[in-house]
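First comes the structure, then the notes that go with it.
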Amino acid sequence: MDISTILAVILGGLILLILYFLWTHQNAKNYWKYRGIPQVPGSHPVVGNILPLIRQTHNLITLITEFYEKNQKSSMVGMLHMMNPALILRDPELVKTVMQVEFHNFNENHFLVSMENDPLFSKNPFFSTGEAWIAGRKRLTYAFSSMRLKILVESIRAVSHKLDAYILKQLKDKNSLEVELKDLFARFTLEAVANAGFGLEGFSFDDEKHPGSLKEMSAKIFQPSTLSNMKFILMLAFPNFSKILGFSLLPQEIDRYFRSLVKEIIKVRKGETVPRNDFFQLMTDLEKTEGEEIDIESMTAYVLSFLIDGYETSSTTLSFVGFGLAKHPDAQERAREEVKSVLSNHNNTINYDCLKELTYMDQIINESMRLYPAAGVLSKTCTKDTQLKGFDGLICDVEKGTQIIIPVKGLQNDPKYWKDPEIFDPERFSKENSKDITKYTFLPFGEGPRQCVGMRMAQMQMKAALTAVLDKYSLELSPRTRLPLTIDPQQGIMPNPLGGIWVYIKPLRH
Ligand code: HEM
């Protein structure tokens, strides 16, 4: 074949490919048009409406919130997630239908990881489906029951002392310490996972390198890169295609690390005479009572679930709570008074009952999560054809397999449901006022049968960290924090503010 023939073949192939993309794009655009559902304008061939995600000018939460806000009039809006149709729900009643009333028709998170490519993730209750989800969920529900939480809080208390000791050490003789809050609270939540979860030393408050430590490995999981962001977007848009290509969420190195960590913990515990009382032990005992041999893969999946589902979400939330406290000294003072008074009734000891009594702190945490939800977008899969009817009379016949997007941040910041939504006002969540909150417009932990199973554990550990800080220190915003907070568009799915949240921590004068 001469060179001109080769060039002609390549050119012909390219033209065919472009025509194919244009044709599929036109078909995809018509998908919502034929159903009479308004759609997000500005879609492009191949990428649909998510070009800003690929160009990294938006992260997922800011993009979906923008789509939510720009389509005020309708109860549902169609969009193209690459070439796949996805439906954004703008009506709290529809959210209720999908997450609660007709849960059986929308019972999967729209993120299918495959058993072959991601064996550990596919056993994590967030990703699992069917019987595997029911079994995993049942175990975790028990693991975070009130009885078990009381035990876990004992370890969390020890971690809050470590947090205090760390701050004190950094302060030395100075009367002020400038810290980045996500960094500070990530140390706390990682240590909580290590201690309360696996009975291990996490070295989280230690700045020296500890090769092979949980801290080092977690940094590898949670450090987003452009490549990992792209892979994530592709897996979300094309779960089946990603499966064929062998895409996995969890790098091989991490998979191997956690499997050998679990084997090591089991070996050490076999030699111990006094049984431990942590999450790891509970999971081992549950396997035994069900008459099963300890399955290393299941145990590793639970261990990872504790870390992956709880660590980043809790530290992100805590950093925004710290921001709210630093920016609003009155709320901080009131929270501190509550902490002092509750602690004095409990022998100055953090325990389960004392944390439950901190109700103003709950209001502050809720208001922070309303403004800055860690999971600002939820994504479900329609598992059976279902008809949805919106407040405006719009009717959509949703086909099995369609992605349903719950715009958590959009709903939580909508002036239709929240007066002056941009204002930080913990009073919205007081006992009297919370009755007026429109149901399904406040979803920081999701809703329905798939609601966050670690919610109470998360609340307890966040309150323990805040109690330790507020009891002894004050927080003041540093000018290093860039205001207004802008979410870093290069950080894929988590809402991390550009430049971080910097505060001065000062010891209280007695
Ligand atoms: C502030 C911290 C946290 C936030 C904001 C958060 C938020 C969420 C959200 C929004 C979901 C999805 C719910 C839905 O689809 O309706 C979820 C699911 C889940 N979370 Fe959390 N979470 C937090 C902490 C934790 C902790 C500490 C754990 C466990 C140690 C945990 C374990 C899980 C699990 C296992 C699921 C999957 C549940 C299922 O699909 O059945 N989370 N979380």
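Note on Asp206 and Lys70: the model spin-label points, each 7 Å out from Cα along the C-beta direction, lie 5.0 nm apart. For Leu508 and Glu427, a Förster radius of 22 Å and the Cβ-Cβ distance give a FRET efficiency of 0.30, rounded to the nearest 0.05.
FRET efficiency for the Val9 to Lys389 pair, using the beta carbon distance and R₀ = 41 Å, is estimated at 0.20. Relative to the dominant Cα principal axis of the chain, helix 279-289 is inclined by about 70°.
A straight chain from Ser228 to Lys33 at 0.36 nm per residue would run longer than the Cα-Cα distance by 66.9 nm.
Would you tally the net charge around Thr381, using a Cβ to Cβ cut-off of less than 14 Å, leaving Thr381 out, and scoring K and R as +1, D and E as -1? After counting each charged neighbour, the total is 0. Residue ranges 76-89, 194-207 sort as 76-89, 194-207 when ordered by packing (mean number of other C-beta atoms within 10 Å per residue, highest first).
Classify the stretch 124-174 from the C-alpha gyration tensor, please: rounded if a/c falls under 1.5, else prolate or oblate depending on whether a/b exceeds b/c.
Taking the square roots of the gyration eigenvalues as a ≥ b ≥ c, the stretch 124-174 is oblate.
Taking all Cα-Cα distances within the chain, those exceeding 44 Å account for 17%.
Available extension along the chain between His104 and Glu178 is 21.7 nm, counting 0.36 nm per residue and deducting the alpha carbon span. All other residues whose Cβ lies under 9 angstrom from that of Ser74 are scored, Lys and Arg at +1 and Asp and Glu at -1, for a net of 0. Of the peptides 342-348, 29-35, the order by per-residue mean of other Cβ atoms within 10 Å, starting with the highest, comes out as 29-35, 342-348. Of all lysines in the structure, those lying under 18 Å Cα to Cα from Lys431, and not within fewer than 8 positions of it along the same chain, are Lys356, Lys419, Lys439. Label-to-label distance for Asp164 and Asn347 is 1.5 nm, based on points extended 7 Å past Cα in the beta-carbon direction. Taking a ≥ b ≥ c as the square roots of the Cα gyration tensor eigenvalues, with a/c under 1.5 meaning rounded and otherwise prolate when a/b beats b/c, else oblate, which class fits the stretch 177-216? It comes out oblate by the Cα gyration axes.
Can you tell me how much longer the chain between Asp285 and Thr129 gets when fully stretched, taken as 0.36 nm per residue apart minus their C-alpha distance, in nm with one decimal?
53.8 nm
Local charge for Leu120 was computed over the other residues whose Cβ lies under 9 Å away, with Lys and Arg +1 and Asp and Glu -1, and equals -1.
Could you work out how far apart the two model spin labels at Arg482 and Lys419 are, taking each label as a point 7 Å from the Cα in the direction of the beta carbon, and quote it in nm? Output for this residue pair reads 3.5 nm.
Measuring from centroid to centroid over Cα atoms, what is the spacing of the stretch 250-290 and the stretch 450-510 in Å? Answer, in whole Å: 31. Classify the stretch 302-378 from the C-alpha gyration tensor, please: rounded if a/c falls under 1.5, else prolate or oblate depending on whether a/b exceeds b/c. Cα axes put the stretch 302-378 in the oblate bin. Just to confirm the number: angle between the C-alpha axis of helix 3-34 and the first principal axis of the chain, 0 to 90 degrees, nearest 10? Roughly 70 degrees, rounded to the nearest 10. Between the C-alpha center of the stretch 1-75 and that of the stretch 371-395 there is a gap of 22 Å. Among the listed pairs Lys215/Lys263; Lys29/Lys389; Lys162/Lys472; Lys182/Lys267; Lys162/Lys340; Lys174/Lys220, those whose Cα-Cα separation exceeds 24 Å are Lys182/Lys267; Lys174/Lys220. Projecting the Cα atoms of Ser314, Val303, Leu343 onto the charge dipole of the stretch 282-356, computed from C-beta unit charges around the Cα centre, puts Leu343 farthest toward the positive end.
Taking each DSSP H run with n ≥ 4 as -39500 (n - 2.57) and averaging over every residue of the chain yields -16000 deg cm²/dmol at 222 nm.
Only the coordinates and a few stated rules stand behind these numbers; no lab work does. All values reported here derive from a predicted model rather than from experimental measurement. Every residue, glycine among them, receives a Cβ derived from its backbone with ideal geometry; neighbour counts consider all protein chains shown.
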